[in-house]
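The values are calculated or read from the model by the stated rules, or taken from the named source; none is laboratory data. Just so it is clear, the model here is predicted, and its values are computed rather than measured. With ideal geometry, Cβ positions are generated from the backbone for all residues, glycine too; neighbour counts draw on all protein chains shown.
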Amino acid sequence: MSGTLNKVMLIGHLGDEVKMHYFEGGNCVGRFPIATNETYTNRQTGEKVNNTEWHNIVVRNKAAEICEKYLKKGDKIYVEGRIKTRQWQGEDGQTRYSTEIQVTDFTFLTPKEGQFNAGPSAPAAQAQSSSAPAAAPSNPAPQLPAEDDDLPF
């Protein structure tokens, strides 16, 4: 195989609120951590082991504004993107590194009152997308009567 692939798919819970940073020219970046969990039983001790891995998530422009508006700490989200490592100089002069997930697509998985959030995801790379309004409606969705059906959401 001559090509390479840098693709990440995560489902996790937000560890903090979305932190926004605005730039001249109207662009913005949103950053937030998500936690993924792994649970297994240690074969030797029979003890249940939980491991949590933290991921630094980066969304840009319209997608960042949607995340800031609709996500809060503890919400479950699916993100898709690529791994990117940044390098910078710390205040002490040391070179620091940070590994981030640059989001290209996401879907909110925590249901919100008055919203239909299990639908299409919002691409992060495009400010205007036909699927972005479905992930973050500008008007609250009308309340429908509760029905007894076999849909998982």
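Within the stretch 54-77, restricting attention to residues that are more than 28 Å from E38 (Cβ to Cβ) and among the charged types (D, E, K, R), which residue is surrounded by the fewest Cβ atoms within 10 Å (Cβ to Cβ)? Filtering the stretch 54-77 for residues that are more than 28 Å from E38 (Cβ to Cβ) and among the charged types (D, E, K, R), the one surrounded by the fewest Cβ atoms within 10 Å (Cβ to Cβ) comes out as K69. Restricting the stretch 12-47 to residues that are of a type in the set (A, V, I, L, M, F, W, C) and over 12 Å from K76 (Cα atoms), the residue that is surrounded by the most Cβ atoms within 10 Å (Cβ to Cβ) is F32. Condition check for E65 on (1) within 11 Å of the chain's Cα centre (by Cα); (2) of a type in the set (D, E); (3) in a helix (DSSP H, G or I): one failure, at (1).
Conditions tested, residue by residue: (1) out of contact with any His (no Cβ under 9 Å at 6 or more places or on another chain); (2) of a type in the set (F, W, Y); (3) at pLDDT below 95.
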residue: I77; (1), (2), (3): no, no, no
residue: I83; (1), (2), (3): yes, no, no
residue: Q87; (1), (2), (3): yes, no, yes
residue: G90; (1), (2), (3): yes, no, yes
residue: G93; (1), (2), (3): yes, no, yes
residue: R96; (1), (2), (3): yes, no, yes
residue: T110; (1), (2), (3): no, no, yes
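So, E80, is that one touching a strand residue (DSSP E or B) at 6+ places or on another chain (Cβ under 9 Å), loosely packed, with under 10 Cβ neighbours inside 10 Å and among the charged types (D, E, K, R) or not? So E80 does not fit the description; no. Scanning the stretch 16-45 for residues that are more than 14 Å from I66 (Cα to Cα) and among the small types (G, A, S) turns up G25, G26, A35. When restricted to residues that are assigned to a strand (DSSP E or B) and in contact (Cβ under 8 Å) with a residue 60 or more places away in the chain, the stretch 32-62 contains 2.
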